[in-house]
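Asks: Below are the structure tokens for one structure; questions will follow.
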Amino acid sequence: MELLDGKATAAAIKQEIAAEVEQILAAGGKRPHLAAILVGHDGGSETYVASKVKACAECGFKSSLIRFEADVTEEELLQKVEELNQDADVDGFIVQLPLPKHISEQKVIEAIDYRKDVDGFHPINVGRMNIGLPCYISATPNGILELLKHYNIQTSGKKCVVLGRSNIVGKPMANLMMQKRYPGDATVTVCHSRSTNLKEECRQADIIIAALGQPNFVTADMVKPGAVIVDVGTTRVPDATRKSGFRLNGDVKFDEVAPLCSYITPVPGGVGPMTICSLMKNTLSAGKKEFYK
Ligand code: GUN
């Protein structure tokens, strides 16, 4: 069994990005600028956004963090989105999800100028990704592709089971794994809470990508020996031995699954760092106006 080390892989990619930023600046270009909107004080969102701001510094990007209290109105938030759409200094921006219930996430996502949508959540980017056109691709699935690429994991003709059908991970992941290129060309099955044969599907899989948000869901009896396991889960579970009072738990029962498989991502240190790294890659693309003028 070999660990798919997202932390080390992401660190190497961030160094490459930083070197490219230096070149851009040396040639008289502009420093890429990512803005992030954070609404409220959700613990997970605070941590993710702080990591994104830190990664920007590591890559040599400018970053701006814009905060609102949880009682911000939808109108105020949409106004800020429009301001960022118009701000020529901002190359790309994100609105950290989830948003409070009184705000429509879809409305906010669709208000973002797709040319600055470095999360790849706008329907134009989702649609372009689906048909294989250049665009911003959502960071978690793209980070997983980068990790598979980094470890030269074969995907062509393999049976890949994606667990979960969210707009952020499951759906784009399944789509990317079936595209006619590497990493892709896989035979993809998507399983979710209503699937009746989920365990059998998993047992036949060469690659399992678990993105259900259910700690320890994937057990040894669901894994074919030699399979590749990618664990997207990051559920916070109480842990009195930690200073924070919690630890991150993946969707895979690591201790019993790891000895069986060929490759597996740890939690933390697997998919998480790759997700942030992919957002940095999208921000660099935004700075370079690589996809859209
Ligand atoms: N919440 C969980 N994942 C993400 C992400 O990739 N982007 C944003 N904006 N919010 C998230």
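Asks: For the Cα atoms of the chain, what angle does the longest principal axis make with the long axis of helix 6-26, in degrees from 0 to 90, nearest 10?
Replies: 30 degrees
Asks: Next question, about the same structure. Over the chain, with a Gaussian network built from C-alpha contacts below 10 Å, which listed residue (Cys277, Cys191, Cys160) shows the highest mean-square fluctuation?
Replies: Answer for the Gaussian network model of the chain: Cys191.
Asks: Over the chain, with a Gaussian network built from C-alpha contacts below 10 Å, which listed residue (Gly213, Gly44, Gly250) shows the highest mean-square fluctuation?
Replies: Checking each option, the largest mean-square fluctuation is seen for Gly44.
Asks: Let me ask you something else. Tell me the relative contact order for the range 49-206 as a rounded percent, counting alpha carbon contacts under 8 Å between residues six or more apart.
Replies: It comes to 14 percent, rounded to a whole number.
Asks: Ratio of Rg to Rh for the range 1-159, alpha carbon only, Kirkwood?
Replies: Reported Rg/Rh, Kirkwood definition of Rh: 0.99.
Asks: Moving on. Have a look at Cys160, Leu133, Leu84 and report the one farthest towards the positive end of the charge dipole of the range 78-175, computed about the Cα centre with Cβ charges (Lys/Arg +1, Asp/Glu -1).
Replies: Sorting the options by dipole projection puts first Cys160.
Asks: So, one more: About its Cα centre, how strong a charge dipole does the range 222-293 have in debye, to the nearest 20, once Lys and Arg get +1 and Asp and Glu get -1 at the Cβ?
Replies: 420 debye
Asks: So, one more: Show the residues, 5+ positions off or on another chain, whose built amide H is closer than 5 Å to the amide H of Cys261.
Replies: Gly226
Asks: Let me ask something else about it. Toward the positive end of the charge dipole of the chain, about the Cα centre and with charges on Cβ (Lys, Arg +1; Asp, Glu -1), which of Ile13, Leu25, Met1 goes farthest?
Replies: Final value for the positive-end residue is Met1.
Asks: Could you check what % of the DSSP bridge pairs in the chain are antiparallel, to the nearest 5?
Replies: In the chain, DSSP labels about 10 percent of beta bridges as antiparallel.
Asks: Follow-up. For helix 43-59, report the angle its Cα long axis makes with the longest principal axis of the Cα atoms of the chain; keep it between 0 and 90° and round to the nearest 10°.
Replies: Once rounded, one gets 70 degrees.
Asks: For every other residue with a beta carbon closer than 13 angstrom to the beta carbon of Arg67, add +1 if it is Lys or Arg and -1 if Asp or Glu, then tell me the sum.
Replies: Here the charged neighbours net out to -4.
Asks: Measuring from centroid to centroid over Cα atoms, what is the spacing of the range 221-293 and the range 94-151 in Å?
Replies: If we compute the Cα centre of each part, the gap is 18 Å.
Asks: Same structure, new question: Starting from the amide H of Ile37, placed 1.01 Å from N in the peptide plane, find each other amide H under 5 Å away whose residue is 5 or more places distant or on another chain.
Replies: Counting only residues 5 or more places away or on other chains, the set is Ile66, Ile94, Val95, Gln96.
Asks: Could you check what % of the DSSP bridge pairs in the range 205-265 are antiparallel, to the nearest 5?
Replies: Here the antiparallel bridges make up roughly 35 percent for the range 205-265.
Asks: Pairs Lys80/Lys116; Lys7/Lys224; Lys107/Lys180; Lys52/Lys281; Lys52/Lys171; Lys54/Lys80: which are spaced more than 20 Å apart, C-alpha to C-alpha?
Replies: Exceeds cut-off: Lys7/Lys224; Lys107/Lys180; Lys52/Lys171; Lys54/Lys80.
Asks: To the nearest 10 degrees, how steep is helix 271-287 against the longest Cα principal axis of the chain, on a 0 to 90 scale?
Replies: Here the helix axis deviates by roughly 30 degrees.
Asks: With N set to the residue count of the range 90-227, report its C-alpha Rg divided by 2.2 N^0.38 Å to two decimal places.
Replies: Rounded to two decimals, the normalised Rg is 1.12.
Asks: Take every DSSP beta bridge with both residues inside the range 148-293 and express the antiparallel ones as a percent of the total, to the nearest 5.
Replies: So the antiparallel bridges in the range 148-293 amount to around 20 percent.
Asks: Given only helices, namely DSSP H runs of n ≥ 4 each adding -39500 (n - 2.57), what is the per-residue ellipticity at 222 nm of the chain, to the nearest 500 deg cm²/dmol?
Replies: So the calculated ellipticity at 222 nm is -12000 deg cm²/dmol.
Asks: If you put +1 on each Lys and Arg Cβ and -1 on each Asp and Glu Cβ, how big is the dipole of the range 97-151 around its Cα centre, in Debye rounded to 20?
Replies: About 40 debye.
Asks: Let me ask something else. Please say if the range 169-293 is rounded, prolate or oblate, where rounded means a/c under 1.5 for a ≥ b ≥ c the square roots of the C-alpha gyration tensor eigenvalues, and otherwise the choice is prolate for a/b larger than b/c and oblate otherwise?
Replies: oblate
Asks: With the contact rule set at Cα under 8 Å and sequence spacing of 6 or more, what percent relative contact order holds for the range 216-279?
Replies: Contact order relative to length: 42 percent.
Asks: Assigning unit charges at the beta carbon (Lys, Arg +1; Asp, Glu -1) and nothing else, what dipole magnitude in debye, to the nearest 20, does the chain show about its Cα centre?
Replies: Once rounded to the nearest 20, the dipole reads 580 debye.
Asks: What order do you get for Asp206, Asp117 when you list them from fewest to most C-beta neighbours inside 10 Å?
Replies: Lowest to highest Cβ neighbour count: Asp206, Asp117.
Bear in mind that the values in this text are calculations on the coordinates, not laboratory data. As the structure is a prediction and not an experimental result, all values here were calculated from the model. Note that we place each Cβ from the backbone using ideal geometry, even for glycine, and neighbour counts take in every protein chain shown.
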